[in-house]
Amino acid sequence: MKKKEIMKRIISLTLTGVLCAGMIQVPVSAETNTEHATVSVYPAPQSVVADSEEGMMLEGTVDVVVHGEQDVATLPKLKALLTEEGITYAEKTAVGANAAIVLAAACDDADCDICNSVADAANALSEGQGYVLKSSNDANKKGQITIVGADADGTYYGVMTLLQMFKQKTSDGRIAEVTISDYPDVEFRGYVEGFYGFPWSFNDRKELFEDTSLYKMNTYIYAPKDDPYHRDSWRTLYPAEEAANLTELAQIATENNMEFCWTIHPGADYSYSSDADYNKLIAKLEQVYSFGVRQFGIFYDDLSYGVANGTRHATVINNAYKYLQDKYGDVKPFITVLTRYTNSWGADMYSYFRPFMQLINEDTIVLWTGNSTMSAITYDYFQWPQNQTGIDRDFGVWWNYPVNDSCDGHLLMSPLHCLDNDVTNICSFFLNPMSEADASKVAIYSGADYSWNMGDFDSQASWERAVYELVPEANKAFERFADNIGYVNEGSGFIFNESVYLEEDLNKFERALSSGTGLEEAIQTLKAKFEEIVADADALKLINDAELLEEITVHLDAYKVLGQAGVAVMEAYEAALAGEIQDCIDKTAVASELLQDSTEYKVPVFNDGRVTEVRAYVGSHRLLPFLESVVDDATDILNENLSTVKSKLYRSMKKLSVKMSG
């Protein structure tokens, strides 16, 4: 039966009785007397063995023993943790009678008691950046935590895991008694500030270094399209103020075991006819080296194909890397993205890309986006460029999510379900975020989980954990908010749906409206969901993260109005079922006005040196079209001649009463 016909009938039918929604009582679990000491590490480790349920404590003064060379960030992080926990510690050269924390980088001594004291269930110590963490009070009754790293990075990541263990301690201070054997699946993990629009602020970058290091990311790529010293004015040295900021950022990155990779984009007007531009390039790289930066990139993306020359591009990169490495000796491998970076389009694979790949240094990281600019991440998509070049060499991932410079006004914070679990042919994984740095953390945190342990990655569970880490005080409200505003469909498997958690309820309403059965229940269900949206918007205005709130406030305002519109629509249908025609007319008018209002909220965007305003999109794919459709149906009918409806009322009342009660 057509929806409009059903609407005509429910408007013309007066039901007796009162519609009421039953309250569902949720039982509360009884508290147990025993609080088990457990831990849920994020990113998910390769192997976790719980050695007891009781857990363990560090009793009294803790001896901190360092064995082997450690990263400069490791010991300060451990000391900060102990200080925060109120634990007294002393640095010692050997384990004695006290409680102890041992930090060790695996050594070559096959008889080393410290390195042999842990069970390596996942062979983590044979993997770069791997570590084994064992916490126990069996041998040492006062408690001992031993972290052995395959290298200095591995020990640092063990300490990051220890931070989470203490964060999840029991109410009486016990931590889990576990053996964790862990290592990353992908060597270079992080994010690239490579979007068009407002560059991140100094504080944005600083907080991201600190936050993402906790989740074991290790690389930040500086490549903001709208920084003139990165692109348009690449020859110009940084002025004093900008130089001081970059110097401080490089130091903060070091303090968080993050590699600050500074990049330059010289290709649009670079002259190969003399050494002048090459010398300018070297001068710029040397200036940035003096800031404390030790990794660099030269980018050639988004150039005119007419100036793209693979041999020349490779030569510039090779020569610049050789110069810096010969002079300083501590420069990390360069990173690049080329004028061809996707399977679908770009400079020619044979005349441009293959010559580049044949010439470029073996350790240079070449980034690729996948099948298209926006793409799912699959094994086949990243095998394609290898097959085309005939060179057996893994590419790095430049993943264009959650970047929103192609869909201004959207906030993208959905589960990362288009990342396959078997992409073993990549050497790095970098997300390209939004200019909204804090809102980007949902995807960045989940991307850290994916690139650390790809095989066990569960996109939904990882997303829920990322949201919890970001807004623990309102995580469920934030999940619903993110789900209702995040639609993207760019093809190549790059599809993020919207209002997934509401899909069943929306479909149920539409079926009820078409069939004429179950409509009361469907209305009540959706009304409650829209009331929940309004309440969520209010709750999210109270979150603790002031920077995140500033980024999402306008969208929250639009979101609340959309929720209010949904409530008004459902109330209009309630009135129709009750035969209250004027109330139905009034509620429909209110809903129409609110729906229009929800589309008029604006956010600033920065493009081509100008600040403009665009609509803040909320519910644009599912909720807004749904509500507009049902309002239009009701309005069309209400605009019909009411006398026609009245003339049918008495003739059809008995028949319709039977129909609707059935």
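The values are calculated or read from the model by the stated rules, or taken from the named source; none is laboratory data. The shown structure was predicted, so the numbers you read here are calculated from the model rather than taken from an experiment. Neighbour counts run over all protein chains shown; Cβ positions are idealised from the backbone, glycine included. The accessibility values were calculated without ligands, DNA or RNA, using every heavy atom of the protein model including side chains. Shrake-Rupley method; radii C 1.70, N 1.55, O 1.52, S 1.80 Å.
Using every alpha carbon pair in the range 505-566, what percent of pairs falls into each 10 Å bin from 0 up to the bin containing the largest distance?
Whole-percent P(r) values from 0 Å outward: 23, 37, 24, 13, 4.
If you place +1 on the Cβ of every Lys and Arg and -1 on the Cβ of every Asp and Glu, how big does the dipole about the Cα centre of the chain come out, in debye to the nearest 20?
2100 debye
Which residue, 448, 230, 344, has the largest displacement toward the positive end of the dipole of the chain when charges sit on each Cβ (Lys, Arg +1; Asp, Glu -1)?
The one lying farthest along the dipole's positive direction is 344.
Using the alpha carbons of the range 202-297, what is the convex hull volume per residue in cubic angstrom, as a whole number?
In the range 202-297, the Cα hull volume divided by residue count equals 89 Å³.
Quick one: angle between helix 240-255 and the longest Cα principal axis of the chain, in degrees between 0 and 90, rounded to 10, please.
The helix 240-255 is inclined about 90 degrees to the chain.
Hey, how many Å between the Cα centroid of the range 204-247 and the Cα centroid of the range 554-605?
One Cα centre to the other: 44 Å.
Pop out the ³J(HN,Hα) list for the range 65-70 in order, Karplus 6.51 cos²θ - 1.76 cosθ + 1.60 with θ = phi - 60°, rounded to Hz; leave Gly and Pro as x.
10, 10, 10, x, 6, 10
Set the bar at 19 Å for Cα to Cα. Now go through 280/322; 206/327; 529/560; 560/587; 206/476; 284/327 and name every pair that lies beyond it.
206/327; 206/476
In whole angstrom, how far apart do the alpha carbon centroids of the range 78-97 and the range 394-415 sit?
42 Å
Among 134/169; 142/169; 134/332; 141/169; 77/332; 79/441, which pairs are too far apart, with a Cα-Cα distance over 21 Å?
In this structure, 134/332; 77/332; 79/441 lie more than 21 Å apart at Cα.
Taking 8 Å as the Cα distance limit and 6 or more residues as the minimum spacing, I'd like the relative contact order of the chain as a percentage.
Relative contact order, the chain: 13 percent.
Could you state the accessible area per residue of the chain in Å², with a 1.4 Å probe and every protein chain left in place?
Here the per-residue accessible area is 42 Å².
Based on the alpha-carbon gyration tensor of the range 463-526 and its eigenvalue square roots a ≥ b ≥ c, which shape applies: rounded if a/c is under 1.5, prolate if not and a/b is larger than b/c, or oblate?
oblate
Report, to the nearest whole %, how much of the accessible area of the chain belongs to carbon and sulfur atoms, 1.4 Å probe, protein only.
Details: 13420 of 27730 Å².
Result for the chain: 48 percent of the exposed heavy-atom area is carbon or sulfur.
If one takes the longest principal axis of the Cα atoms in the chain, at what angle in degrees, from 0 to 90 and to the nearest 10, does the Cα axis of helix 310-328 lie?
So the inclination is approximately 50 degrees.
Starting from the Cα-Cα distance between residue 315 and residue 379, subtract it from 0.36 nm times their residue separation and give me the gain in nm to one decimal. Display every interim value, and only then the final one.
Details: separation 64, 0.36 × 64 = 23.04 nm, distance 2.94 nm.
So the extension gain works out to 20.1 nm.
Can you give me the long-range amide H partners of residue 106? Hydrogens built in the peptide plane at 1.01 Å from N, cutoff under 5 Å, separation of 5 or more residues or another chain.
149, 150, 151
Using the basic label-point model (7 angstrom from Cα toward the beta carbon), what is the residue 325 to residue 629 distance in nanometres?
Roughly 5.8 nm, to one decimal.
In µm²/s, what is D for the range 326-366 at 10 °C and 1.306 mPa s, where D = kT/(6 pi eta Rh) by Stokes-Einstein and Rh is the Kirkwood radius from Cα pairs? If you can, show how the numbers build up before the last one.
Numbers: Rh = 11.7 Å.
D = 136 µm²/s.
How many angstrom lie between the Cα centre of the range 262-289 and the Cα centre of the range 130-183?
Rounded to whole Å, the Cα centres lie 46 Å apart.
Pull out a ≥ b ≥ c, the square roots of the eigenvalues of the alpha-carbon gyration tensor of the chain, then state rounded if a/c is under 1.5, prolate if not and a/b is larger than b/c, and oblate in the remaining case. Intermediate results must be reported in sequence, preceding the final value.
Working: a/c = 2.52, a/b = 1.47, b/c = 1.72.
The shape class here is oblate.
What ranking do 39-51, 264-276 get when scored by the average of other Cβ atoms within 10 Å per residue, highest first?
Result, highest mean Cβ count within 10 Å first: 39-51, 264-276.
Residue 100's amide H: which non-local residues (gap 5+, or another chain) put their own amide H closer than 5 Å, with H modeled 1.01 Å from N in plane and none for Pro or chain starts?
Here the answer is 63, 144, 145, since their amide H atoms fall under 5 Å of that of residue 100.
Which residue, 303, 293, 281, has the largest displacement toward the positive end of the dipole of the range 275-329 when charges sit on each Cβ (Lys, Arg +1; Asp, Glu -1)?
Among 303, 293, 281, the one farthest towards the positive end of the dipole of the range 275-329 is 293.
If packing is taken as the average count of other Cβ atoms within 10 Å, what order do 216-223, 617-624, 587-594, 599-606 fall into, highest mean first?
Answer by packing, highest mean first, reads 216-223, 617-624, 587-594, 599-606.
For the range 133-262, rounded, prolate or oblate, judged on the Cα gyration tensor with a ≥ b ≥ c (square roots of eigenvalues), a/c < 1.5 rounded, else prolate if a/b > b/c? Working shown, then result.
Details: a/c = 3.14, a/b = 2.75, b/c = 1.14.
Judged from the Cα gyration tensor, the range 133-262 comes out prolate (a/c at least 1.5, a/b above b/c).
Using a simple charge model, +1 on the beta-carbon of Lys and Arg, -1 on the beta-carbon of Asp and Glu, nothing else, what dipole does the range 134-175 show about its Cα centre, in debye to the nearest 20? Intermediate results must be reported in sequence, preceding the final value.
On the way: 6 positive and 4 negative charges, 55 e Å.
Magnitude of the dipole: close to 260 debye.
Quick one: helix 74-84 against the long Cα principal axis of the chain, what's the angle to the nearest 10°, folded into 0 to 90?
For helix 74-84, the angle is close to 50 degrees.
Once you charge only the Cβ atoms, +1 for Lys and Arg and -1 for Asp and Glu, what is the size of the charge dipole of the range 158-215 about its Cα centre, to the nearest 20 debye?
The dipole magnitude comes to about 160 debye.
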